[in-house]
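Asker: Can you read through this structure? Questions will come right after.
The values are calculated or read from the model by the stated rules, or taken from the named source; none is laboratory data. Everything quoted here is computed from the prediction, not taken from an experiment. Neighbour counts run over all protein chains shown; Cβ positions are idealised from the backbone, glycine included. Note: areas computed on protein heavy atoms with side chains; ligands, DNA, RNA excluded. Shrake-Rupley method; radii C 1.70, N 1.55, O 1.52, S 1.80 Å.
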Amino acid sequence: MKIAVAGSSGLIGSQVCRRAESLGHDVVRLSRSDGVDLLDSEAVSGALVGVDAVIDVSRPDRMELAPARSFFTTVARNLGAASRDVGVRRSVVLSIVGVDRGQDYDWYVATLSHELETRAQAPGSRVLRTTQFHEFPEQVLQRALAGREPTGPVEIMDVPIQPVDSAEVARALVDLATDPDADDRELAGPRIERLVGLVRDLVEYRGRDLIVLPGPAPASMAGGSMLPGPDAQTAGVDWHTWLRDRHR
């Protein structure tokens, strides 16, 4: 198949490209670093000629509600319109487990708009909702450290999560794009953890002199909205195994 990957230069997109190519598919990379602006409808339309499936793992530069929602809905409309015009048969978008239960958090509001706009616009749409990736604690720590003094404690949301290996996310996205019988899917890792605990373990593993304290979180997340439902698939190794394997 010829598969276009929107957001091809990111953490998930780059792995999706490698996975698809390893299976013999032709990959069209859609990102600014690859010369395609997803906010430019003409550029998107030209890039999708001859494409059989689109995998959208694009992400905006900003997490605030207004710019994130604008980015997501514009990209979904551009990809959807171009896909209809050129005869794309399958469209897959990456979303988040519990996104509909976490509408007290702006990023989840924006992400749900991405999912809904894709369902409305894209031909043959399928949604992969996943839990947070194993890279998530590092990302949360870096955001918490940004712009603060190097001394003193850092607060991390105290929420339960069930993180998943991003390589398994890439595998599932390619499966959804290439299997004509595949349906929407939820994907999670094998073990429930506390986010603040993972950040503490990461800090200790790296030998950093940093105090990590539990911080406030949206009520939905504190109540477990980030955890998968009973029908979710689980895959990959747990976070601690992943961390050890990654740094051998």
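Asker: Considering every residue within the range 179-192, establish whether at least one is buried (at least 17 other Cβ atoms within 10 Å of the Cβ) and either in a helix (DSSP H, G or I) or out of contact with any strand residue (DSSP E or B) (no Cβ under 6 Å at 6 or more places or on another chain) (or both). Let's see the steps before the verdict.
Answerer: At the first step, the residues of the range 179-192 found to be buried (at least 17 other Cβ atoms within 10 Å of the Cβ) are 185-189.
Add one more test, that the residue is either in a helix (DSSP H, G or I) or out of contact with any strand residue (DSSP E or B) (no Cβ under 6 Å at 6 or more places or on another chain) (or both), and what stays is none.
No; the residues of the range 179-192 include none that is buried (at least 17 other Cβ atoms within 10 Å of the Cβ) and either in a helix (DSSP H, G or I) or out of contact with any strand residue (DSSP E or B) (no Cβ under 6 Å at 6 or more places or on another chain) (or both).
Asker: With the checklist (1) under 21 Å from S95 (Cα atoms); (2) open to solvent by less than 70 Å² (accessible area, probe 1.4 Å) in hand, flag the one item R29 doesn't pass.
Answerer: In the conditions (1) under 21 Å from S95 (Cα atoms); (2) open to solvent by less than 70 Å² (accessible area, probe 1.4 Å), R29 misses (2) alone.
Asker: Scan the range 122-152 for residues that are surrounded by fewer than 19 Cβ atoms within 10 Å (Cβ to Cβ), over 14 Å from the mean Cα position of the chain (by Cα) and of a type in the set (S, T, N, Q) and jot them down.
Answerer: Scanning the range 122-152 gives Q142, T151.
Asker: Also, I was wondering about something else. Any residue at all in the range 133-156 that's modelled with pLDDT under 95, in a loop (DSSP other than H, G, I, E, B) and hydroxyl-bearing (S, T, Y)?
Answerer: yes
Asker: Taking M63 as meeting all but one of (1) within 21 Å of D106 (Cβ to Cβ); (2) of a type outside the set (D, E, K, R); (3) crowded, with 16+ Cβ neighbours inside 10 Å, write down the number of the exception.
Answerer: (3)
Asker: Would you point out which residue out of A4, A20, A43, A66 is among the small types (G, A, S), in contact with a strand residue (DSSP E or B) (Cβ under 6 Å, 6 or more places away or on another chain) and in a helix (DSSP H, G or I)? Before you say what the answer is, go through the steps one by one.
Answerer: Working: A4 fails: in a helix (DSSP H, G or I); A43 fails: in contact with a strand residue (DSSP E or B) (Cβ under 6 Å, 6 or more places away or on another chain); A66 fails: in contact with a strand residue (DSSP E or B) (Cβ under 6 Å, 6 or more places away or on another chain).
Exactly one of A4, A20, A43, A66 is among the small types (G, A, S), in contact with a strand residue (DSSP E or B) (Cβ under 6 Å, 6 or more places away or on another chain) and in a helix (DSSP H, G or I), namely A20.
Asker: Mind listing whichever residues of the range 46-58 are surrounded by fewer than 19 Cβ atoms within 10 Å (Cβ to Cβ) and assigned to a helix (DSSP H, G or I)?
Answerer: If the condition is that a residue be surrounded by fewer than 19 Cβ atoms within 10 Å (Cβ to Cβ) and assigned to a helix (DSSP H, G or I), then G46 is the only one that fits.
Asker: Given the residues V86, V109, V99, which is the only one that is crowded, with 19+ Cβ neighbours inside 10 Å and among the aliphatic types (A, V, I, L, M)? Please lay out each step first, then the result.
Answerer: Working: V86 fails: crowded, with 19+ Cβ neighbours inside 10 Å; V109 fails: crowded, with 19+ Cβ neighbours inside 10 Å.
On inspection, the qualifying residue turns out to be V99.
Asker: Can you name the residue in the range 114-132 that is in a helix (DSSP H, G or I) and in contact (Cβ under 8 Å) with a residue 40 or more places away in the chain and, of all such residues, is nearest to Q103 (Cα to Cα)? Lay out the reasoning, then the answer.
Answerer: Our first condition is that a residue be in a helix (DSSP H, G or I); within the range 114-132, this holds for 114-121.
From what is left, the residues that are in contact (Cβ under 8 Å) with a residue 40 or more places away in the chain are 114, 117-118, 120-121.
Working: H114: 13, E117: 16, T118: 18, A120: 20, Q121: 22 Å.
The qualifying residue nearest to Q103 (Cα to Cα) is H114.
This table checks each residue for (1) among the polar types (S, T, N, Q); (2) surrounded by 13 or more Cβ atoms within 10 Å (Cβ to Cβ); (3) out of contact with any helix residue (DSSP H, G or I) (no Cβ under 9 Å at 6 or more places or on another chain).
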{"residue": "V154", "(1), (2), (3)": "no, yes, no"}
{"residue": "Q162", "(1), (2), (3)": "yes, yes, yes"}
{"residue": "E168", "(1), (2), (3)": "no, yes, yes"}
{"residue": "V174", "(1), (2), (3)": "no, yes, no"}
{"residue": "L202", "(1), (2), (3)": "no, yes, no"}
{"residue": "Y205", "(1), (2), (3)": "no, no, no"}
{"residue": "A219", "(1), (2), (3)": "no, no, yes"}
{"residue": "A222", "(1), (2), (3)": "no, yes, yes"}
